[in-house]
1. Quick check, is Pro242 touching a residue at least 24 places away in the same chain (Cβ under 8 Å), farther than 17 Å from Glu316 by Cβ and exposed (fewer than 14 other Cβ atoms within 10 Å of the Cβ)?
2. May I ask you to say which residue of Leu171, Leu181, Leu186, Leu175 is among the hydrophobic types (A, V, I, L, M, F, W, C), assigned by TED's automatic domain parsing to the domain that holds Gly139 and surrounded by fewer than 14 Cβ atoms within 10 Å (Cβ to Cβ)?
3. Does Ala165 satisfy the criteria of being touching a residue at least 60 places away in the same chain (Cβ under 8 Å) and assigned to a loop (DSSP other than H, G, I, E, B)?
4. Across region 257-292, what is the total count of residues that are of a type in the set (Lys, Arg) and either in a loop (DSSP other than H, G, I, E, B) or exposed (fewer than 13 other Cβ atoms within 10 Å of the Cβ) (or both)?
5. Based on this model, can you work out whether Ile142 counts as in a strand (DSSP E or B), among the β-branched types (Val, Ile, Thr), over 22 Å from Ser119 (Cα atoms) and at pLDDT 95 or above?
6. What are the residues in region 293-317 that are modelled with pLDDT under 95, in contact with a Ser or Thr (Cβ under 8 Å, 6 or more places away or on another chain) and not hydrophobic (A, V, I, L, M, F, W, C), if any?
7. Return the residues of region 217-230 that are farther than 18 Å from Val263 by Cβ and either in contact with a strand residue (DSSP E or B) (Cβ under 6 Å, 6 or more places away or on another chain) or not charged (D, E, K, R) (or both); say none if nothing qualifies.
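The values are calculated or read from the model by the stated rules, or taken from the named source; none is laboratory data. As the structure is a prediction and not an experimental result, all values here were calculated from the model. No Cβ is skipped: glycine too gets one built from the backbone with ideal geometry, and neighbour counts run over all protein chains shown.
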Amino acid sequence: MQIKKFTALVLVLVLLSLLGLLAGCRSNVETTVSPTASAAALASPQVVVGTPTLFSGASPTLVPTSTLTRRTVTPTASSVRTASPSAGRANFTPTALPTPAVTEIKFPPMTTRYVAGCSETEEIPPNGVRVYRLWLRRGQWISVLLAYEDLEEEDALQAKITSPAGKQFVLGPSLEWSGRLPQTGLYSISVFSRAQTVKHYALAVDAPVEIPPASLERGFVSRGRIVGACGEGEYLLSLNSPLPKLDIKVQKIEGKGRLVLAVVGLDDNIPYLRAMMGMSEFELSGLPPQKYLIEVVPWASVTNAQISPEETWSFELVAHR
């Protein structure tokens, strides 16, 4: 009877020991996973390289740093779009630049001036080009003058002269150029528009007759013609040494009204005698060496009288020292 009681007591003690061991294991597990450690881990999430995933309802799974790798994307033939040079331009047609209008300049017989736009001004479209061509000689002296409306619109029109070899002479700020030509051949005068509206202009080309200084000793005689309101008879005298005296006279042969003279020193631009003085004969003394332009002008032109484009004058000029 006592042995049974002792055996039962031993069994009770063994059972209590087992219960104590189970309680200790549970306590160890709860201290290993603490709320503080879990919060620290959630506070520093790792960024995953790659395409982001949209989550609906569920929380994203954080991947440890050691498992992250950079993903290199290699394009495939189906994912690459190659742009064709003609893509989107199937209906594109290049706009051809307009061909500049070309006018052949021909001086009427025995005349020295050509004016485009005298009785009716020339017209040039916005950003347009007009071209004039004429045959000139090597060493010939010419003058080109461009005039247009609204001169306050600076640089609206410009012009240049091109030689047969391609050498260019650009008209300066005064829209005028004069000088001797480098070669014989076909020259072109181009008028350019930088304006955004249609412009009207006039272009004057003068090719005066040269007076050899040596001819003044025995007397220089020349006959010429003037056509229209813008016409003039022009002569160029180039002096390499001072000229003590110069006598000039113009005699009208045909035409209405009288003809008058003007003399301008080209190098210093001094008008030695103005046509508006109405003189057809005069004497100049003490001329310094330079170029002189002698002009024969209808008096009706000086007084702004009405002149028909077909009206003409013929004259004879005599010059001697």
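1. Numbers: touching a residue at least 24 places away in the same chain (Cβ under 8 Å): yes; farther than 17 Å from Glu316 by Cβ: yes; exposed (fewer than 14 other Cβ atoms within 10 Å of the Cβ): yes.
So Pro242 fits the description; yes.
2. On the way: Leu171 fails: surrounded by fewer than 14 Cβ atoms within 10 Å (Cβ to Cβ); Leu181 fails: surrounded by fewer than 14 Cβ atoms within 10 Å (Cβ to Cβ); Leu175 fails: surrounded by fewer than 14 Cβ atoms within 10 Å (Cβ to Cβ).
Only one candidate qualifies: Leu186.
3. Numbers: touching a residue at least 60 places away in the same chain (Cβ under 8 Å): no; assigned to a loop (DSSP other than H, G, I, E, B): yes.
Against the criterion (touching a residue at least 60 places away in the same chain (Cβ under 8 Å) and assigned to a loop (DSSP other than H, G, I, E, B)), Ala165 does not qualify.
4. First, the residues of region 257-292 that are of a type in the set (Lys, Arg): 258, 274, 291.
From the residues that got through so far, the ones that are either in a loop (DSSP other than H, G, I, E, B) or exposed (fewer than 13 other Cβ atoms within 10 Å of the Cβ) (or both) too are 258, 274.
Residues meeting the conditions: 2.
5. Details: in a strand (DSSP E or B): yes; among the β-branched types (Val, Ile, Thr): yes; over 22 Å from Ser119 (Cα atoms): yes; at pLDDT 95 or above: yes.
So Ile142 passes the test.
6. Pro309 - this is the single residue of region 293-317 that is modelled with pLDDT under 95, in contact with a Ser or Thr (Cβ under 8 Å, 6 or more places away or on another chain) and not hydrophobic (A, V, I, L, M, F, W, C).
7. Taking region 217-230 first, the residues farther than 18 Å from Val263 by Cβ are 217-218, 223, 225, 227-230.
Selection gives Arg223, Arg225, Val227, Gly228, Ala229, Cys230.
Yes or no, residue by residue, for (1) among the aromatic types (Phe, Trp, Tyr); (2) more than 19 Å from Thr111 (Cβ to Cβ); (3) in contact with a Lys or Arg (Cβ under 6 Å, 6 or more places away or on another chain); (4) touching a residue at least 60 places away in the same chain (Cβ under 8 Å):
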{"residue": "Ala275", "(1), (2), (3), (4)": "no, no, no, no"}
{"residue": "Glu281", "(1), (2), (3), (4)": "no, yes, yes, no"}
{"residue": "Leu284", "(1), (2), (3), (4)": "no, yes, no, no"}
{"residue": "Pro289", "(1), (2), (3), (4)": "no, yes, no, no"}
{"residue": "Ile294", "(1), (2), (3), (4)": "no, no, no, yes"}
{"residue": "Phe315", "(1), (2), (3), (4)": "yes, no, yes, yes"}
